[in-house]
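The values are calculated or read from the model by the stated rules, or taken from the named source; none is laboratory data. Treat the numbers as computed from the prediction; the structure is a model and nothing was measured. Backbone-built Cβ (ideal geometry, glycine too); neighbour counts: all protein chains shown. Calculation scope for accessible area: heavy atoms of the full protein, side chains included, ligands and nucleic acids excluded. Shrake-Rupley method; radii C 1.70, N 1.55, O 1.52, S 1.80 Å.
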Amino acid sequence: MSNGLKVLDAGPYSTIQDMGRMGYQDVGVPVSGALDKISARVANMLVGNSHHCPVLEMLLQGVSLEVEADSVRVALFGCEADLTVEGARKFTVPAGRSVRLMKGDKVKVGALGQSLSAYLAVEGGFNLPAQLGSVSTYVRGGIGGLEGRTLKRGDVLPLVQSSADIRDEKALLEPFDYGYEQPVRVVLGPQHNYFTDSAIEGFLTQPYVVSGQADRMGFRLDGPVIQHAEGYDLVSDGIVSGAIQVPGSGLPIVLLADAQTTGGYPKIATVISTDIPILGRRRPGAQVHFKQVTLDQAESIACETQAWLAQLESHGMRSFAPGGVIDLEALRLENLSSGVN
């Protein structure tokens with residue numbers, strides 16, 4: 001008997017990701033992990049998982065799945081799409097709310113709205129082996145996830161056996177701001193001295209657009225050409241997620257989850273860790289404005305973000321009974337007698 005989710009439609013680019021493969025960049029292995037780690041964490045919160053539990057990442061378009069397990073609790077987050085459930089039961093569930101699916105249910109995630117990426121978390125996670133300490137899929141290297149590749153029709157995603165007991169479902173108390181219009185904050189450097197002052201000013205004041213050459217490795221941006229002060233070649237050095245390289249074309253490339261581990265073009269700035277997920281939601285054609293912050297400000301923002309995530313997990317969600325179960329606590333709080341005691 002299968003304890004999994006069968007893929008009916010894999011979408012254009014769907015993979016299994018977690019928080020990334022740390023500690024192997026010195027031997028040429030990228031970190032990988034979710035493009036939008038905040039949305040992946042929130043999806044896991046909604047089904048009661050730890051934040052590093054692997055999730056299904058969908059880019060550009062969602063997937064269709066059939067439940068082969070007896071039941072599984074799932075949650076979608078990172079976009080404005082709904083989960084559409086068909087089969088013996090027919091209903092829709094918005095992103096930001098968990099739901100328990102039953103064997104035979106067919107669930108579909110359609111267009112993701114403004115977001116490039118979205119995440120489906122399952123209670124207990126996917127039962128896949130870690131490679132180099134992570135389940136994250138790195139397609140170019142053929143490691144992690146399901147056979148190191150994107151999903152395809154007919155795949156069965158094995159699930160960790162979760163409790164058969166009825167569990168409370170969860171939903172966010174407040175709408176989530178995905179920051180589609182928010183400036184992306186950067187710290188200048190490490191090689192901003194390779195650029196003219198006017199080039200740096202233009203980079204920080206003029207809009208860019210995510211080009212069609214955008215993937216998990218990096219986003220090439222269209223917009224004002226950034227002039228190098230003298231040249232654009234340097235001795236290759238280490239790359240971190242969020243680094244913004246400027247090759248000879250003068251058009252910036254923001255390196256992301258699957259970025260190479262070294263690079264030989266000067267880096268004008270680095271996107272702060274909190275804003276990498278915000279950039280990771282931008283589809284091709286979306287505008288990007290950069291805003292400079294100091295390193296101290298970036299560290300403070302990172303601390304504030306971690307505190308916000310902890311607050312969201314402890315006090316930012318409400319629990320309610322699954323469909324067909326009477327929520328006695330909710331009834332107790334309701335005034336069912338129109339003001340008559």
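Among the residues of segment 316-323, is there at least one that is of a type outside the set (Lys, Arg), open to solvent by 10 Å² or more (accessible area, probe 1.4 Å) and farther than 30 Å from residue 102 by Cβ? Please lay out each step first, then the result.
Step one: filter segment 316-323 for residues of a type outside the set (Lys, Arg), giving 316-317, 319-323.
Remaining after also requiring open to solvent by 10 Å² or more (accessible area, probe 1.4 Å): 316-317, 319-323.
Add one more test, that the residue is farther than 30 Å from residue 102 by Cβ, and what stays is none.
Within segment 316-323, none of the residues are of a type outside the set (Lys, Arg), open to solvent by 10 Å² or more (accessible area, probe 1.4 Å) and farther than 30 Å from residue 102 by Cβ.
Of all residues in segment 46-72, how many are open to solvent by less than 10 Å² (accessible area, probe 1.4 Å) and either within 19 Å of the chain's Cα centre (by Cα) or closer than 30 Å to residue 285 by Cα (or both)? Spell out how you get there, then give the answer.
Taking segment 46-72 first, the residues open to solvent by less than 10 Å² (accessible area, probe 1.4 Å) are 46-47, 55-58, 62-63, 65, 67, 69, 72.
Next, from what is left, pick out any that are either within 19 Å of the chain's Cα centre (by Cα) or closer than 30 Å to residue 285 by Cα (or both): 46-47, 55-58, 62-63, 65.
Within segment 46-72, residues that are open to solvent by less than 10 Å² (accessible area, probe 1.4 Å) and either within 19 Å of the chain's Cα centre (by Cα) or closer than 30 Å to residue 285 by Cα (or both) number 9.
Residue 35: over 16 Å from the mean Cα position of the chain (by Cα), surrounded by 24 or more Cβ atoms within 10 Å (Cβ to Cβ) and modelled with pLDDT of 95 or more, yes or no?
Details: over 16 Å from the mean Cα position of the chain (by Cα): no; surrounded by 24 or more Cβ atoms within 10 Å (Cβ to Cβ): yes; modelled with pLDDT of 95 or more: yes.
Answer is no for this residue.
Could we say that residue 43 is open to solvent by less than 30 Å² (accessible area, probe 1.4 Å), assigned to a loop (DSSP other than H, G, I, E, B) and either small (Gly, Ala, Ser) or more than 19 Å from residue 312 (Cβ to Cβ) (or both) here? Steps first, please.
Values: open to solvent by less than 30 Å² (accessible area, probe 1.4 Å): yes; assigned to a loop (DSSP other than H, G, I, E, B): no; either small (Gly, Ala, Ser) or more than 19 Å from residue 312 (Cβ to Cβ) (or both): yes.
Spelling it out, it is not the case that residue 43 is open to solvent by less than 30 Å² (accessible area, probe 1.4 Å), assigned to a loop (DSSP other than H, G, I, E, B) and either small (Gly, Ala, Ser) or more than 19 Å from residue 312 (Cβ to Cβ) (or both).
So residue 102 fits all but one of (1) surrounded by fewer than 20 Cβ atoms within 10 Å (Cβ to Cβ); (2) closer than 30 Å to residue 265 by Cα; (3) not acidic (Asp, Glu); what number is the exception?
Tallying (1) surrounded by fewer than 20 Cβ atoms within 10 Å (Cβ to Cβ); (2) closer than 30 Å to residue 265 by Cα; (3) not acidic (Asp, Glu), residue 102 fails exactly one: (2).
When you check residue 125 against the structure, is it over 17 Å from residue 3 (Cα atoms) and among the small types (Gly, Ala, Ser), yes or no? Working first, answer last.
On the way: over 17 Å from residue 3 (Cα atoms): no; among the small types (Gly, Ala, Ser): yes.
So residue 125 does not fit the description; no.
Counting just the residues of segment 73-99 that are touching a residue at least 12 places away in the same chain (Cβ under 8 Å) and among the polar types (S, T, N, Q), which one comes out least open to solvent (accessible area, probe 1.4 Å)?
Here the residue is 98.
So residue 189 fits all but one of (1) modelled with pLDDT under 95; (2) of a type outside the set (Asp, Glu); (3) open to solvent by 40 Å² or more (accessible area, probe 1.4 Å); what number is the exception?
Condition (3) is where residue 189 drops out.
Would you call residue 280 under 22 Å from residue 182 (Cα atoms) and either surrounded by 21 or more Cβ atoms within 10 Å (Cβ to Cβ) or out of contact with any Ser or Thr (no Cβ under 9 Å at 6 or more places or on another chain) (or both)? Explain how you work it out, then say what you get.
Numbers: under 22 Å from residue 182 (Cα atoms): yes; either surrounded by 21 or more Cβ atoms within 10 Å (Cβ to Cβ) or out of contact with any Ser or Thr (no Cβ under 9 Å at 6 or more places or on another chain) (or both): yes.
The answer is yes for residue 280.
Of (1) hydroxyl-bearing (Ser, Thr, Tyr); (2) in contact (Cβ under 8 Å) with a residue 40 or more places away in the chain; (3) open to solvent by 20 Å² or more (accessible area, probe 1.4 Å), residue 115 satisfies all except one. Which?
(3)
Taking segment 233-252, which residues are at pLDDT below 95, open to solvent by less than 50 Å² (accessible area, probe 1.4 Å), more than 24 Å from the chain's Cα centre (by Cα) and among the aliphatic types (A, V, I, L, M)?
234
Mind checking whether some residue in segment 97-104 is in contact with a helix residue (DSSP H, G or I) (Cβ under 9 Å, 6 or more places away or on another chain) and not charged (D, E, K, R)?
Yes, segment 97-104 contains a residue that is in contact with a helix residue (DSSP H, G or I) (Cβ under 9 Å, 6 or more places away or on another chain) and not charged (D, E, K, R).
I'd like the full set of residues that are closer than 21 Å to residue 313 by Cβ and either acidic (Asp, Glu) or in contact (Cβ under 8 Å) with a residue 40 or more places away in the chain (or both), limited to segment 52-71.
The initial filter retains those residues of segment 52-71 that are closer than 21 Å to residue 313 by Cβ, namely 52-57.
Within segment 52-71, 53, 54, 55, 56, 57 meet the criteria.
Residues checked against (1) out of contact with any Pro (no Cβ under 7 Å at 6 or more places or on another chain); (2) more than 26 Å from residue 20 (Cβ to Cβ):
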site	(1), (2)
231	yes, yes
242	yes, no
250	yes, yes
258	no, no
284	yes, no
287	no, yes
297	yes, no
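Test residue 109 against the stated conditions and say whether it is closer than 24 Å to residue 275 by Cα, in contact (Cβ under 8 Å) with a residue 12 or more places away in the chain, surrounded by 16 or more Cβ atoms within 10 Å (Cβ to Cβ) and among the β-branched types (Val, Ile, Thr). If you could, list the steps in order and put the result at the bottom.
Details: closer than 24 Å to residue 275 by Cα: no; in contact (Cβ under 8 Å) with a residue 12 or more places away in the chain: yes; surrounded by 16 or more Cβ atoms within 10 Å (Cβ to Cβ): yes; among the β-branched types (Val, Ile, Thr): yes.
It is false that residue 109 is closer than 24 Å to residue 275 by Cα, in contact (Cβ under 8 Å) with a residue 12 or more places away in the chain, surrounded by 16 or more Cβ atoms within 10 Å (Cβ to Cβ) and among the β-branched types (Val, Ile, Thr).
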